[in-house]
Each structure stands twice: as C-alpha cells, then as structure tokens.
Amino acid sequence: MKDGKPESLAEALLLLEKMNARLSEKDQKIREQQAEIKILNEKLAVKRAREFAAKTESLKKLYESQPFLFDAEEMGIKVENQCPEISDEDIAQALKDDDLFDRKSEKEKPGRTRNKSKNLPRQKYVIDLSEDEKICSNCGSKMVKVREIVSERIVHVPSSEYIEEVHRYVYECQNCLDDNDKPVRKAAREKRIIEQSIATPELLAHIFISKYMKHTPFYCLEDTYNWQGIRISRQNMCNWSLKVHEKLKPLEKFLNSELKKTKLLIFDESPVEVLKIDPEELKAEYWDEARYRKKADDIEDECRKNCYMWVVLGGTKEHPVFSYNFRWTRSGKNVLDFLEGYTGNVIQSDGYSGYNAAINYWNLSHPDHKIELLNCWVHARRGFADAVKATKSKHAAQAIKLFKDVFDNENRLRKLFDEEKISEADFLERRVKEVKPHMDNLHSWLLEKKQKEMILDSSKTKEAVNYCLNRWENLENFIKYPEATFSTNARVI
C-alpha cells in the first residue's frame with residue numbers, strides 16, 4: 001500500500017473490510033445513543049406526567065398526550081405469537097371501567113356549590129321592605145308577601161384569646177398573729193400539663209393542631225399571635241411540644257401495645273427534609289459500620305438530608321391505630337423496632353428491599369416466631385400506570401386490565417366477607433377459586449413478556465414487569481390471610 005492507496009486487490013479488500021468494521025462500530029454506537037435518548041425521553045415523560053397530570057392512576061385522558069418512544073417495526077423487530085393486541089377502543093373502555101381509584105364520574109358544572117355541612121349552625125338574616133315600601137304605589141293597598149329568595153354566605157368569627165388571671169387566696173388566723181408558729185393556709189395550686197407555664201390545654205391543642213394537622217409553621221403562628229399583641233415565641237412552642245410529648249409517653253406506650261395486637265401490620269415510609277443531622281443517632285440506624293461509612297461522605301456534603309416518617313397501621317377492627325415515627329434513615333433495620341412485642345406473623349409493605357432484609361434478619365434471629373412479608377399490588381400496578389401515562393404503552397394497558405380482573409374479584413369477595421355474608425373459611429376457599437386464576441393469568445403474561453422483553457414498547461413497562469416478577473411470591477401470598485388485602489392503602493383492619 002502506497003500513500004494510503006491499495007496497490008493490489010488483496011490490499012483493497014483488506015482496506016474495505018477495515019472501513020466496513022469502522023462503519024459498523026459507528027452505527028452500533030449511534031443505535032446505542034438513540035436508544036439511550038429514547039429511554040431518557042421516556043423518563044422525562046413519566047416525570048412530567050407525575051408533575052402536571054392529574055394525581056390519579058385512573059389513566060384518564062392520557063393516551064393522546066404522548067407518542068410511542070419504542071416501536072417494534074421501527075427497530076426492525078419481528079413480532080410473532082404474542083398476546084392478542086388490544087385496540088384503542090379497548091384501552092378507552094378499560095379506562096372507563098377502571099373504578100379502583102376515587103374520581104368524579106362526570107365533570108362538575110361550573111358555579112357555586114351549595115354548602116351542605118350539617119355541623120355549622122345557621123342563623124337567619126332577613127332583608128325586608130319598610131312598612132312604607134309595602135304600600136302599592138298604584139292603588140295604595142298593602143302588598144302581600146308571595147315568595148322569598150334564599151341565598152347563603154359564610155360568616156367567619158375569628159378565634160379569640162383572653163388572659164386568665166389565677167388568684168390563689170391565702171388565709172391566716174388573726175388570733176395568732178403574735179405567735180411565731182401561726183397557722184397559714186393557701187389554696188392548693190392546680191395541676192398543669194406544663195408547670196409554671198402560661199400555656200393552657202386549649203392553647204396547646206390549638207398550636208399543635210395548627211402545626212401538625214394544618215401544617216402551619218411555628219414562625220407563622222408566632223407572627224399571628226404578635227398581630228394580636230400576644231408574645232409567644234417559636235422557641236416556646238418547640239419547648240412545649242417536647243414537654244407535652246414527655247407527658248404523653250404513657251399514652252404512646254399504650255397505643256404501641258394496642259398497635260401490635262393485630263394479626264397484620266402495614267408499613268409505609270415517606271421522606272421528610274431535615275436541616276440538622278444527629279450523626280450518632282443516624283449511625284445507629286445502619287446495619288453495620290461499612291454501610292454507614294459508604295454514605296457518610298455524601299451526608300457531610302449535604303446541607304440538608306431526607307429523613308423518613310415511618311407509618312405503621314395496626315390495632316383491632318374496632319380500634320385501629322396509626323403510628324407515625326420519625327427515623328433518620330430508610331434502613332430496614334428500623335423495621336425491627338416495630339416488630340418487638342408483635343405477636344402476629346404477617347406484615348405488608350411496598351416492594352422496598354429494606355423490608356426483605358429486616359424480615360430475613362428477624363426470621364434468623366427468631367426461629368420460633370417467623371414473619372411473612374406481603375407486598376402491595378397497587379404499588380406493583382403503578383409502574384404500568386406510569387408507562388401508559390407517559391408512553392401510551394399498549395402492553396402496559398394489557399397489564400392494567402389483568403390487574404383489574406384481580407382487584408374486581410378480590411373487592412367483590414372482600415365486601416361479602418366484611419358484611420359477614422360468607423364465613424372466613426368460605427372467603428379463603430373462594431379466593432383460591434375466583435381470584436387465584438386471575439393472578440395466574442397475570443403471572444403468565446409477565447413471564448411471557450419477560451422472555452420476549454425486546455418487544456415491550458417502553459423501558460418503563462420492562463421495569464414494571466421485572467418489579468412484579470422479582471416480588472411475585474410476596475405479592476400472591478396475601479390470599480392466604482383473611483385480614484390482608486391487595487393494598488397497603490389505609491383501611492380498618
């Protein structure tokens with residue numbers, strides 16, 4: 001080869017082969033980049049759907065909003081012997097029939113809604129004509145009322161505070177004034193939840209309801225009281241909340257004991273942003289030193305950190321108990337704290353792996369009291385719902401229909417059982433006959449899609465398929481327990 005030019009046929013063929021190899025390598029890189037772009041576009045579409053779409057999983061009006069990101073024909077994939085395709089009309093019908101989540105059956109008409117509250121008192125306010133205005137201007141006779149026009153308005157009466165002066169009388173004997181040991185008696189001091197404090201039970205209740213139920217920060221409450229000329233600092237409110245919590249420790253202990261009287265505990269955890277971290281308490285929640293060190297650097301770099309509020313539902317049917325517990329981390333080790341003293345053998349949660357780690361550790365440590373983990377079907381369905389919202393995935397829509405078959409039959413049997421129309425034994429038996437076949441249909445569909453996952457029209461659908469298959473045993477085991485349903489959504493156990 002001279003000056004980069006072949007001098008013989010063999011050299012020309014060799015050069016051509018090298019150029020083809022380079023082109024193939026570039027084509028492969030382009031295809032990979034295009035696939036990556038499509039996946040990123042899909043993730044962006046899912047994020048936008050969650051951010052701006054209606055906060056529901058009914059999937060209403062979402063099929064027209066996003067195009068397909070992955071198309072089997074475009075990618076040159078031949079599709080044969082797959083599950084029967086469903087038309088857009090089938091999808092629309094599935095969405096119309098999907099009554100798993102609360103939503104309005106029809107669009108409300110515009111206009112003011114009549115206040116139907118039965119808790120508010122009503123006062124009648126009459127606007128009438130004067131006696132002179134009731135005289136007819138034509139004939140001079142007195143006019144007669146024939147009808148009345150009724151309208152409503154809401155009157156706000158601002159909450160009010162007043163200062164209660166506590167007077168304690170002191171008595172002494174006038175006949176013993178010269179006696180060094182003269183008798184003196186005081187009225188007994190009343191007991192207060194916080195001694196030597198200006199806070200009354202009514203004020204504390206108002207502050208805590210505003211903070212923890214209406215989510216009004218302490219600094220806003222401080223400003224509100226300042227406008228009324230009352231000086232209550234946010235520091236005082238914080239101190240009061242801590243002192244009241246200490247006083248209520250016996251109630252907390254009692255509720256925790258009631259919480260664990262159930263046969264089933266339901267768990268969930270939600271992130272809470274915290275500015276100041278306690279390193280020692282944070283470290284104690286990790287399983288071991290190595291796992292803590294792995295994240296220690298990230299924690300030091302952050303000025304704030306997501307901690308977690310762990311919510312546990314238990315108790316009895318007559319007295320359900322909801323327990324909210326702050327923890328520094330999402331570590332599954334926190335689950336062990338709630339299992340101490342629990343006499344049941346089932347817990348239910350989403351598919352977070354921390355629960356698996358906690359249950360495995362517990363069962364190894366307590367061979368005589370093993371606990372089984374159930375996973376939530378609504379969380380499993382959510383991945384397919386997201387795929388339909390963002391990518392109009394027909395495969396995900398197929399999964400939604402299969403999930404609906406499971407939910408409809410379970411809800412029907414659950415209603416009969418809750419209304420005591422069937423016994424517990426009949427309920428479990430009919431579950432196996434009427435719900436289990438639909439679960440098996442879904443499982444077969446998932447296995448088929450897993451084997452031929454290249455034809456899935458979105459990576460989100462692929463993730464949802466893998467999510468379900470990896471947790472299938474935990475998903476299907478709920479039919480063995482009459483107190484368990486397919487969902488971790490709040491309910492009376």
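Coordinate-derived values only; no laboratory data. The shown structure was predicted, so the numbers you read here are calculated from the model rather than taken from an experiment. So basically every Cβ, Gly included, is an ideal-geometry build from the backbone, and we count neighbours across all protein chains shown.
Quick look at the numbers
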read-out: Rounded FRET efficiency, nearest 0.05, which uses the C-beta distance separating K124 from E202 and R0 of 41 Å; value: 0.85
read-out: For region 255-295 versus region 128-182, the gap between their alpha-carbon centres in whole angstrom; value: 52
read-out: Shape of region 204-325, Cα gyration tensor, a/c cut at 1.5; value: oblate
read-out: FRET efficiency for L13 and I277, using Cβ-Cβ distance with R0 set to 45 Å, rounded to 0.05; value: 0.10
read-out: Above-threshold pairs, the threshold being 32 Å between Cα atoms, out of K118/K415; K43/K401; K47/K480; K333/K462; K214/K404; value: K47/K480; K214/K404
read-out: Rounded FRET efficiency, nearest 0.05, which uses the C-beta distance separating E420 from I209 and R0 of 30 Å; value: 0.20
read-out: Cβ crowding within 10 Å averaged over residues, with 279-289, 430-440, 371-381, 330-340 ranked highest first; value: 371-381, 330-340, 430-440, 279-289
read-out: For region 126-185: rounded, prolate or oblate by the Cα gyration tensor [a/c cutoff 1.5]; value: prolate
read-out: Cβ-based exposure ranking for F218, F254, in which fewest neighbours within 10 Å come first; value: F254, F218
read-out: HN-Hα J in Hz across region 276-284 - Karplus 6.51, -1.76, 1.60, θ = phi - 60°, x for Gly and Pro; value: 10, 9, 9, x, 5, 5, 4, 5, 5
read-out: Among 157-169, 310-322, 384-396, the order from most to least packed when residues are scored by Cβ within 10 Å on average; value: 384-396, 310-322, 157-169
read-out: Sorted peptide list for 18-28, 263-273, criterion being average Cβ within 10 angstrom, highest first; value: 263-273, 18-28
